[in-house]
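Enquirer: Just passing along the structure, written as structure tokens.
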Amino acid sequence: MCSCHFDSSRKGQKDETDSIRLQKELCALHRYVDGIIKSDSILQQRFHCSGAGLTKDKVSIDFQDISEDSFEIFKSVFRKDVFDSPLLEFNIMSDITFGPEIILIKEDSLGRTITMVSPIPRDIPSGEAINPDSFLMRTEYDYYPLSTTEVKVIITNHSRYKYDCGEDYSQVYYNEKQKIWETLPTNPIRNDVLWIFPSDCPTHEQTIRFYTSEVPNRPGKYRIYKSFNGNTKVAYAEFKMVDKKGIEQIRKRISEYNMKNRDTIAQNITDFGSYGDTIEVSLINNSFYFQEMFRRKVVSYSAVSHGKIQQPRLFTSSAYSDTLQISMKTEKSVYPVGVKSVSVNLINNNSKALSFGGDYRVARKESGQWILLYGNFNVKDEGIIIKQGGTCQFTANLYPLFNDNKPGVYRVYKRIGFDNSREDWFMSAEFRIK
């Protein structure tokens, strides 16, 4: 009896391990195939498919409104040209759920009758509310302009429990005057998919469209609801739409944060302004990490533009520490980790006068290359002149808040030239941090 019980227990553990392994593989496969389809509109049109679905044991590809005679051809071509896996299953989706309104349009030039599917509102689902601390449903941003046509919903499972849901959702707007939540038109077509949220595969994204031709966007609060675990659990994501007045309030919020704080985020902002729906915010370090920090600490508005993600740049020009009786060096050869700036001396012993501006660059040596630090190095004072025997001392900021100024070799670069000459070159001053 004991031996039988042990074997049964071991078998149960193996089955559970296999199930977890399968769910991980399915989640990874779903993300991959769904990403391929959704990133290629031509592919979507070719296969009559808007994305991949996820069931308990398969990743499903649903072909919309194709004939049964074409089904095998579609499957074969998809496996050959897009992706093939034994975990893929294929279906024909020709019926529309939830009883949407069908509007008949008169015949086209070829004598065919065109039909359109009208978006339908859905009630707020009933069920037990899920604690957002353990199961979070949110939109990509907290604020959107009225011109928004779609939002991305992100669902993350932080709990130890498994959740599942379908593609259906409800969308509502809070009418401030009447103090009620109004239902809004939603997608009438629901693909027959099942999204599973085990604790080790926690995140899923869904794009929700706004049918503004049916109901125009209004400033105020919106919610997107979804049901989970057989309509027994409910979660929602809340966000706001803003008009011109709301956009101006967001701009003032950025301005006040920049004026009242001296933290990393505030010091990283170099300039900001607005036009139309867009608020442009320039950052010293414009990496994804610092953009995300701005959204988290200052404001999460979909129409804030930081420009293109900034990748580290190399300094590749020739530079000299001592040439033509001109030299440049730092006050000290070694500085401690965390140093904020270094003092640099540019000395002219040439008979000709030097001319240069206030700008400079700082770089760190990595794998034989010089990586430029992030910083606001474009100092505006121009037309500095040093005659023979003169010295110019300036401070080079290292911006440790926005750079990983780890121990190593660094250089300060400065472009100079002779007065009344078009020729110029770079001087460099090398130092170490340790």
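Here, each number is a calculation from the coordinates, and none is a lab measurement. Source: prediction; values computed, not measured. As a convention, Cβ positions derive from the backbone with ideal geometry for all residues, glycine included, and neighbour counts pool all protein chains shown.
Enquirer: Report, for the chain, the % of DSSP beta bridges that are antiparallel, rounded to 5. Before the final figure, lay out the partial values.
Expert: Values: 86 of 104 bridges.
Antiparallel bridges: around 85 percent, rounded to the nearest 5.
Enquirer: Please compare each pair in Lys177/Lys297; Lys221/Lys252; Lys308/Lys434; Lys152/Lys308; Lys38/Lys233 to a cut-off of 25 Å on the Cα-Cα distance and tell me which ones are over it.
Expert: Lys177/Lys297; Lys308/Lys434; Lys38/Lys233
Enquirer: Can you tally the net charge around Leu398? Count Lys and Arg as +1, Asp and Glu as -1, for every other residue whose Cβ sits under 10 Å from the Cβ of Leu398.
Expert: Local charge sum for Leu398: +2.
Enquirer: While we're here: Mean Kyte-Doolittle of at least -1.0 and a Cα length of 15 Å or more along the axis: which whole DSSP H helices of the chain meet both? Intermediate results must be reported in sequence, preceding the final value.
Expert: Numbers: long enough: 2-38 (53 Å, -0.76); 68-81 (20 Å, -0.77); 244-260 (24 Å, -1.51).
Long hydrophobic helices here: 2-38, 68-81.
Enquirer: Can you tell me the relative contact order of the range 355-434? Whole percent, Cα pairs under 8 Å, sequence separation 6 or more.
Expert: On the way: 134 pairs, mean separation 27.4, N = 80.
Relative CO of the range 355-434 lands at 34 percent.
Enquirer: Could I ask something else about it? Along the range 407-415, what does the Karplus equation 6.51 cos²θ - 1.76 cosθ + 1.60 (θ = phi - 60°) give for ³J(HN,Hα), rounded to whole Hz, x for Gly and Pro?
Expert: x, x, 9, 10, 9, 9, 10, 9, 8
Enquirer: Sticking with this one: Sort the following peptides by mean Cβ neighbour count (other Cβ atoms within 10 Å, averaged over residues), highest first: 398-409, 275-286, 80-91.
Expert: Most protected by this proxy first, the peptides run 275-286, 398-409, 80-91.
Enquirer: Note down the relative contact order for the chain as a percent, whole number, built from C-alpha pairs under 8 angstrom at least six residues apart.
Expert: Once normalised by length, the contact order is 11 percent.
Enquirer: Check Phe272: other-chain or 5+ apart residues with amide H under 5 Å from its amide H, H built from backbone geometry?
Expert: Ser282
Enquirer: I'd like the distance between the alpha-carbon centres of the range 133-160 and the range 354-368, rounded to an integer number of Å.
Expert: The range 133-160 and the range 354-368 have Cα centres spaced 43 Å from each other.
Enquirer: Which of the peptides 137-149, 256-268 is most tightly packed, and how do the rest follow, going by the mean number of other Cβ atoms within 10 Å of each residue? Before the final figure, lay out each step's value.
Expert: Details: 137-149: 18.2, 256-268: 14.1.
In decreasing order of mean packing, 137-149, 256-268 become 137-149, 256-268.
Enquirer: Count the net charge of all other residues whose Cβ sits under 13 Å from the Cβ of Val334, scoring Lys and Arg as +1 and Asp and Glu as -1.
Expert: +2
Enquirer: Under unit Cβ charges (Lys, Arg +1; Asp, Glu -1), what dipole magnitude, rounded to 20 debye, does the range 291-330 have relative to its Cα centre? Display every interim value, and only then the final one.
Expert: Values: 6 positive and 2 negative charges, 54 e Å.
So the magnitude is around 260 debye.
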